[in-house]
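The values are calculated or read from the model by the stated rules, or taken from the named source; none is laboratory data. All values derive from a computational prediction rather than experimental measurement. Neighbour counts run over all protein chains shown; Cβ positions are idealised from the backbone, glycine included.
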């Protein structure tokens with residue numbers, strides 16, 4: 001439930017178009033709703049500006065669907081991450097309007113309009129094609145929270161001329177998400193070319209000494225370029241969320 005929705009409930013009581021009891025029922029579960037295996041944080045959108053997000057990995061599909069039912073009852077928009085196709089097929093039975101992004105492994109569906117920032121965007125860049133799934137998770141997250149994105153894929157250091165051909169779009173973003181595996185050099189290159197914040201996302205893409213993304217993570221943390229922050233390995237959601245917050249400032 002958003003601040004504007006709560007204000008509307010209170011205004012309706014004030015003007016007599018809604019009873020106190022009716023308003024109370026709508027607000028009864030506002031702090032959180034306990035369903036045994038989960039405590040659904042209906043208050044989160046008021047505190048942070050964004051509703052709770054469902055992390056599907058480790059949950060059973062019935063648990064995921066139950067959480068979705070509780071959230072949609074409060075008219076919350078739904079973003080579920082790390083969902084496979086089997087989860088989506090079962091979710092779609094209950095929510096036919098759910099949209100699945102196979103690359104990002106996300107499920108989204110709207111219950112109310114998204115207030116989108118129209119005068120700025122987020123540049124989302126990958127070093128390689130294999131990094132796209134993490135970038136797509138970031139993009140879907142940012143878009144679901146009301147941000148425009150520009151996707152620029154496969155412009156890593158192995159063919160740096162590809163990056164230069166897209167610099168006008170990259171520099172036009174208010175914030176950049178740079179997604180890279182292997183040695184993770186892309187954010188460092190970008191840091192010397194742009195004047196906006198960069199959120200670096202290491203991916204687990206790479207050969208043995210990549211150590212499932214650890215080499216890329218360490219490269220990004222040790223970058224000589226200024227203006228770079230780093231999120232966890234494969235954490236497209238965290239990057240998209242943070243970039244969205246920056247874009248809305």
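So which of 150, 183 is assigned by TED's automatic domain parsing to the domain that holds residue 130, surrounded by fewer than 21 Cβ atoms within 10 Å (Cβ to Cβ), outside any helix (DSSP H, G or I) and out of contact with any strand residue (DSSP E or B) (no Cβ under 7 Å at 6 or more places or on another chain)?
Working: 150 fails: out of contact with any strand residue (DSSP E or B) (no Cβ under 7 Å at 6 or more places or on another chain).
Unique residue meeting the criteria: 183.
Name every residue in region 112-138 that is more than 30 Å from residue 160 (Cα to Cα) and surrounded by fewer than 15 Cβ atoms within 10 Å (Cβ to Cβ), in order of residue number.
Correct list: 112, 113, 114, 115, 116, 118.
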Which fully enclosed helices (runs of 4 or more DSSP H) of region 1-76 have 3 or more residues being modelled with pLDDT of 75 or more? 3-14, 20-27, 61-73
Among the residues of region 186-213, what is the count of those that are in a helix (DSSP H, G or I) and touching a strand residue (DSSP E or B) at 6+ places or on another chain (Cβ under 8 Å)? 6
When the residues of region 219-240 are narrowed to those that are in a helix (DSSP H, G or I) and in contact with a helix residue (DSSP H, G or I) (Cβ under 9 Å, 6 or more places away or on another chain), which ends up nearest to residue 129 (Cα to Cα)? 236
Single residue of 160, 132 found to be in the same structural domain as residue 219 (by TED's automatic domain parsing), at pLDDT below 95 and assigned to a helix (DSSP H, G or I): 160
Considering region 153-172, residues that are buried (at least 18 other Cβ atoms within 10 Å of the Cβ) and closer than 30 Å to residue 49 by Cβ, and then whichever is nearest to the chain's Cα centre (by Cα), we arrive at 153
